[in-house]
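Shown next, in structure tokens, is the structure this report addresses.
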Amino acid sequence: GFLAGEVSLSVVSAGAHEWDMPAHFHVVNNGFDYTRRDIMIPMRDGVKLHTVILLPKNVRSAPILLTRTPYDADQMAHNQHSSHMDVALYGYDNMSDVVTEGGYIRVLQDVRGKYGSGGDYVMQKPLAAPKPGGTDESTDAYDTIDWLVKNLPQSNGRVGLLGISYDGFLVLMGLVNPHPALKVAVPMNAMVDGWRGDDWFHNGAFREQMLPYLYEQGATHANSEIWWSAHYDDYDTYMNAGSAGGVGNARGMQQIGFYRNLLAHPAYDNFWQAQAVDKIMARQSVHVPTMLVHSLWDQEDIYGTMATYYAMKPHDSQGDMLHLVIGPWFHGGEIRKGAQLGTIEFGSDTGVYFRQQILAPFLASALWGKSAQTPPVVAFVTGENRWESLPAWPLVNLDSPPKTADMTAAALRPDHKLIFTKQVGPLNASVAYVSDPARPVPYRHRPILAMDGAGSTWHNWLVDDQREASGRTDVAAFVSDVLQAPLTVRGQPYVHLKAAISGTDVDFVVKVIDVYPDEVADQPELGGYQLMVSADIFRGRYRNGLAKPEAVPANIPQMYSFYLPLANHTFLEGHRVMVQVQSSWFPLYDRNPQTFVDNIFLAQPEAYKAMTVQLYEDESRVDLPVVNRMGATP
Ligand code: PG9
């Protein structure tokens with residue numbers, strides 16, 4: 001204690017040179033319910049990784065919960081500088097209720113090259129070629145687990161690895177040649193394929209609002225260089241700079257390796273294919289109990305979890321290792337309060353339910369040996385607001401169209417109706433709109449703030465009311481009759497558009513929307529609300545192959561086909577189904593100049609041209625995986 005002499009009181013009478021500040025301040029924290037240790041753990045190549053260990057007071061024979069991160073392990077354990085472990089841990093990637101109530105030893109580690117760790121940082125470091133001494137995130141996870149179980153006498157030798165997003169990607173890497181002490185893994189909202197549908201591109205359209213993230217993450221070890229902007233509204237920032245390359249180059253981003261890679265690899269070439277984590281997981285057997293967690297309104301990584309499930313499930317030979325949880329959350333929302341998202345209410349706190357009823361028992365069974373029966377799939381049905389347990393989730397091959405027998409076609413008619421029967425009427429009738437890159441469709445209300453800007457509500461933009469868009473002349477909206485019975489969509493819709501354009505390149509944004517009744521008694525602001533339940537963008541140059549950009553022949557109809565993200569939603573009786581089609585979603589996605597150029601990152605102002613888009617009735621539709629209440633296709 002203090003008086004017992006940890007800090008010498010003699011400094012008080014130090015004589016002539018008396019300073020307010022001691023040369024070394026000794027922290028006195030005897031009342032803490034945990035002990036914190038900062039350790040440098042050596043990897044096989046000698047590089048040391050900064051690791052923060054929080055040991056609950058008097059802990060003995062407890063399991064370890066490990067998270068590896070590029071987001072500052074120190075900060076993740078520092079919250080409010082509290083003497084209570086749950087408060088200290090509260091925040092990103094820490095479900096402190098599960099960790100502290102579970103009695104776990106909590107370990108947070110900086111990946112190589114970030115914050116307190118040595119070595120070089122590589123964004124989403126791909127697996128090293130299998131050569132002796134090579135390191136990557138899988139070997140770093142292995143070496144860390146090895147050190148922890150050998151050097152923490154308070155542990156029972158059992159380790160759980162969990163994390164969200166980038167940290168979820170790091171969990172999946174830990175499952176590649178896993179350490180035998182790794183007993184459970186929980187990748188949540190993992191970044192899996194940065195080109196097909198997670199952080200960097202969606203189907204080839206670049207997410208330029210990610211540039212500030214890359215700038216801060218990629219410029220310095222401790223994110224000490226902060227993005228600068230000259231506008232309050234990101235719509236203006238990105239419009240003024242022209243192309244995405246214009247935005248980055250104006251800030252000197254060519255100095256950052258991953259930025260150079262983005263510019264060099266706009267298509268789905270080997271650079272992206274080789275690091276797609278679902279393809280890596282498809283080569284592993286599943287022998288560590290794993291719970292994949294997917295958020296239905298994940299504004300950052302809406303692709304990766306389902307792609308990983310489809311890839312891993314066939315390798316779960318006994319069918320008892322892989323679990324899937326699907327919830328009504330934004331990116332990482334499962335560790336927050338989960339009773340509502342924006343205006344949409346779920347009738348109960350779905351975050352608490354996930355943590356207390358699903359995650360905590362799953363971890364306790366793998367790490368403490370307690371008995372728990374975790375269903376293979378637990379999914380929340382939005383619209384109906386109820387959880388359901390299922391024996392499996394239908395597998396999808398994201399590289400081929402679905403079987404038509406499994407889908408219900410929702411056809412886009414020239415009279416702007418959406419119909420669920422085979423199209424009728426004259427062939428080749430079409431709906432047209434003018435897409436003008438000088439006035440791209442904002443993806444949400446302006447002003448559009450930077451993702452992590454003060455006051456930003458970036459995390460809930462996917463549930464924004466879409467009625468503003470439905471009234472624009474550059475958005476084609478198709479709406480069904482009022483539903484006489486509930487309609488449940490469970491799975492990934494598939495878009496077929498037959499379209500002709502007067503330019504030579506095009507983007508298509510397709511949104512499946514639940515239109516609420518004109519008035520809603522208990523929540524008036526939902527009257528006529530247009531809620532997106534599944535939506536995405538596709539860059540037309542990739543219509544004949546994701547690695548194969550091809551100019552679009554002007555005025556000749558072409559087919560554009562792609563999957564939309566997962567929906568698990570019931571459109572209730574009295575609601576309507578709407579599909580909206582548009583050709584920009586700015587500034588989340590960079591503008592397509594609509595004139596074919598080699599590399600859109602570097603498109604010049606003269607390439608940006610307005611054009612007419614015509615959607616043909618005979619083959620334009622969205623195939624919906626409709627199920628009835630019993631789980632069968634109607
Ligand atoms: N979605 C974030 C991210 C992951 C991977 C690459 C870039 C960004 C994240 O939340 O970690």
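No value in this document is a laboratory result; all are computed from the given coordinates. Note that the coordinates shown come from a computational prediction; the quantities given were computed from them, not determined experimentally. Every residue, glycine among them, receives a Cβ derived from its backbone with ideal geometry; neighbour counts consider all protein chains shown.
Just a few scattered comments:
- Sum of -39500 (n - 2.57) over DSSP H runs of 4+, divided by residues of the chain (222 nm, nearest 500): -4000 deg cm²/dmol
- Debye intensity ratio in log₁₀ form over the Cα atoms of the chain, taken at each q of 0.12 Å⁻¹: -1.29
- Using 0.36 nm per residue and subtracting the Cα-Cα separation, the extra length available between F258 and A392 on full extension is 44.5 nm.
- Translational diffusion coefficient (Stokes-Einstein; Kirkwood radius from C-alpha pairs) of region 254-410 at 20 °C, 1.002 mPa s, in µm²/s: 121 µm²/s
- Computed E for V520/W19 - FRET, C-beta separation, R0 51 angstrom, nearest 0.05: 0.20
- Cross-link check: pairs K279/K403; K114/K313; K403/K511; K125/K403; K57/K114 evaluated at a Cα-Cα cut-off of 26 Å; pairs beyond the cut-off: K114/K313; K125/K403; K57/K114.
- Net charge, V286 excluded, C-beta distance under 10 Å - Lys, Arg +1, Asp, Glu -1: -1
- Computed over neighbours whose Cβ is under 10 Å from that of T305, the net charge equals -4, Lys and Arg +1, Asp and Glu -1.
- The modelled label-to-label distance for the pair A129/A554, using points 7 Å beyond Cα in the direction of Cβ, is 4.7 nm.
- Computed log10 I(q)/I(0) for region 98-200 at 0.10, 0.17 Å⁻¹: -0.29, -0.85, from the Debye equation with unit scatterers placed on every C-alpha and solvent omitted.
- Neighbour counting of Cβ atoms within 10 Å sorts the residues S502, S584, fewest neighbours leading, into S502, S584.
- Residue order, fewest to most beta carbons within 10 Å, for D598, D93: D598, D93
- Largest-first ellipsoid semi-axes for region 67-106, taking √(5λ) over the Cα gyration tensor eigenvalues, angstrom: 15, 12, 8
- Region 42-87: proportion of alpha-carbon pairs further apart than 11 angstrom, %: 75 percent
- In this calculation the C-beta distance from D399 to N30 is compared with R0 = 56 Å, giving a FRET efficiency of 0.40.
- Working note: Karplus 6.51/-1.76/1.60 with θ = phi - 60° gives region 234-250 the couplings 4, 4, 6, 3, 7, 5, 4, 7, x, 8, 5, x, x, 5, x, 4, 5 Hz, where Gly and Pro are set to x.
- Remark: region 31-167 projects, on average over all directions, an area of 7.9 nm² (convex hull of Cα atoms).
- Each 5 Å bin from zero up to the one holding the largest Cα-Cα distance in region 432-581 carries the following percent of pairs: 2, 8, 15, 19, 19, 16, 12, 6, 2, 1, 0.
- Near G102: Cβ cut-off under 14 Å, other residues only, Lys/Arg at +1 and Asp/Glu at -1. The net charge is +2.
- Taking packing as the residue-averaged number of other Cβ atoms within 10 angstrom, the listed peptides 188-197, 146-155, 376-385 run from highest to lowest as 188-197, 376-385, 146-155.
- Compactness ratio for region 406-503: Cα radius of gyration over 2.2 N^0.38 Å (N = residue count) comes to 1.35.
- Spin-label model distance (nm) - Q284 vs Y232, 7 Å beyond Cα toward Cβ: 4.7 nm
- Size descriptor, Kirkwood hydrodynamic radius, that averages inverse alpha-carbon separations across region 177-287, Å: 16.1 Å
- Debye, to nearest 20: dipole size of the chain, +1 on Lys, Arg Cβ, -1 on Asp, Glu Cβ: 1380 debye
- Region 558-634: projected area of the alpha-carbon convex hull, averaged over directions, in nm²: 8.1 nm²
- Take 306-313, 466-473, 412-419 and order them by the average number of nearby Cβ atoms within 10 Å per residue, most first; the result is 306-313, 412-419, 466-473.
- The gain in end-to-end length when the Q318 to H78 segment is fully stretched comes to 82.3 nm, 0.36 nm per residue minus the alpha carbon separation.
- Modelled FRET efficiency - R0 30 Å, V352 with S61, Cβ distances, 0.05 increments: 0.60
- With 5 Å bins beginning at zero, the pair-distance distribution over Cα atoms of region 255-331 amounts to 3, 14, 19, 18, 16, 15, 9, 4, 1, 0 %.
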